[in-house]
Amino acid sequence: MNKIRVSLKDKSYDIQIGKGILRRINFRSFGAGKYAIITDSIVKNLYGRKLQRLIENQGLKAKLIDFPAGEVSKNWVEAGNLGRKLAKLGFDRDSLIVALGGGVVGDLAGFVASFYLRGINYVQIPTTLLAQVDSSIGGKTGIDIPEGKNLFGSFYQPKAVFIDIEFLKTLPETEIKNGLAEIIKYGMTQNRELFEFLKKNIEKRDENFYLKVIEASAQIKSRIVELDEKENELRKILNYGHTIGHAIEGIKRYKGITHGEAVALGMVYEGRISSKLGFLKRNDLERQNKLIDRAGLPTRYKGNIEGLIKIMRRDKKSRNEKLYFVLPLKIGKIKTRKNQIAFPVEIDLIKKCLRNPGLNFGNGLMKLKDSIIN
């Protein structure tokens, strides 16, 4: 088992990574009177009842609370429903919320923890690769509204994060691909060694592969969070691929496309923007796009470009009617200027790149038959 410390003064916590961790968690160490396991309707049947028994076998009280699986549940109504269930079951400030599930569960349960009784403690037990390498770390919580993704939320750190690779055994391939998109993002923006490891092993994906990429990703995420907990600037590094990616999710109303697919498309087009601005070399852009394709992720979006621009204007990363992007310079490094991480890009250039991603992988054009999102 590997342990990574997220150092945030009085809000510090550990990320524990390994195999079979779920069975070894000492819930007594949190000192809570009652434990609320918040999960979704799918994870409830896979792991929810098992976790409830594990907690109860330690002589503790635990209740299992679930909501319908999917991004569509990340809304005010469901957050309110969960809060009311906690109240009816008598959870108080000495209670602990256990967020058991993927990114939606972590975002929603963390958001509820941040406002219920003005804030109670919670821990993250992410069950998807995407949540393990990204959303469970750093305390970002939130819900979606019709105007955009995660526009309502809070920075509210968990008391611990437990990452067990055994959860990955029951994940469908689509969910694995979701996580790979975020890991590629880390390699592109922060860690060339990680990128090269992915390039050599993307089809292998054994236990050692997952342990290595999860730990590398968690190290990157935790160090960035320590330096910029509330995304004043540095933490925007993590937004590479997400400005366009979130817009694609929004225009599709989170249906027919996964978060990882949207982020992959975002990296293709945001990488293209950086290349057109003269920053990212063509060869590195092609290497990125080829790795995205090998991971089984889409590389071309065909849809309403004007609609995407409209949604991006409402994105929380936009300021003063300008759209800001993280711009890679090369694999493992992004453009910076003093403390600036994200840079404004002209709307006309964004539209041009969205219309033409410039997909040319090495010696020939990529076959796009299975890589188009309509």
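Derivation of every value follows stated rules applied to the coordinates shown; laboratory data play no part. Quick caveat, the model's predicted, so the values are computed rather than measured. Glycine also receives a Cβ, built like all others from the backbone with ideal geometry; neighbour counts cover every protein chain displayed.
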Residues whose modelled amide H sits under 5 Å from the amide H of Lys140, counting only those 5 or more places away in sequence or on another chain, are Tyr156
Long-range amide H partners of Phe279, meaning residues 5 or more apart or on another chain whose placed amide H is closer than 5 Å, are none
Karplus ³J(HN,Hα) for the stretch 144-152 (6.51 cos²θ - 1.76 cosθ + 1.60, θ = phi - 60°; Hz, whole; x = Gly/Pro) runs 9, 10, x, 7, x, 7, 6, 6, 10
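Give, to the nearest whole percent, the P(r) tail of the chain beyond 41 angstrom, counting all Cα pairs.
10
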Here the stretch 123-129 yields Karplus 3J(HN,Hα) values (6.51, -1.76, 1.60; θ = phi - 60°; whole Hz; Gly and Pro given as x) of 10, 10, 10, x, 10, 10, 4
Once the in-chain neighbours fewer than 8 apart are removed, the aspartates and glutamates whose Cα is under 14 Å from Lys199 read Asp284, Glu286, Asp293
Listed by chain and number, the residues whose amide H is under 5 Å from that of Leu329, excluding neighbours fewer than 5 places away on the same chain and using placed H, are Ile334, Lys335
Going through Lys63/Lys212; Lys11/Lys85; Lys310/Lys330 one by one, the pairs whose alpha carbons sit over 32 Å apart turn out to be Lys63/Lys212
Treating only Lys and Arg (+1) and Asp and Glu (-1) as charged, each at its beta carbon, one finds that the stretch 170-274 has a dipole about its Cα centre, in Debye to the nearest 20, of 280
Helix 207-227: inclination vs the chain longest Cα principal axis, degrees, rounded to 10, gives 90
Longest principal axis of the chain (C-alpha) makes with the long axis of helix 192-201 (C-alpha) an angle, in degrees to the nearest 10, of 90
As a percent rounded to 5, the proportion of antiparallel DSSP bridges among beta bridges in the chain is 45
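What is the magnitude of the charge dipole of the chain about its Cα centre, with +1 placed on the Cβ of each Lys and Arg, -1 on the Cβ of each Asp and Glu, and no other charges, expressed in debye to the nearest 20?
380
For the chain, what relative contact order do you get, as a whole percent, if you take Cα pairs closer than 8 Å and at least 6 residues apart?
15
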In degrees rounded to 10, the 0-90 angle between helix 173-189 Cα long axis and the longest Cα principal axis of the chain is 60
Which of Lys50/Lys140; Lys74/Lys333; Lys290/Lys333; Lys19/Lys204; Lys3/Lys74; Lys177/Lys221 exceed 22 Å between C-alpha atoms? The answer is Lys50/Lys140; Lys74/Lys333; Lys3/Lys74
GNM of the chain, Cα pairs under 10 angstrom: of Ser29, Ser274, Ser217, the biggest fluctuation goes to Ser29
For the stretch 51-61, in residue order, the Karplus 3J(HN,Hα) values (coefficients 6.51, -1.76, 1.60; θ = phi - 60°; whole Hz; Gly and Pro = x) are 5, 4, 5, 4, 5, 5, 5, 8, x, 10, 8
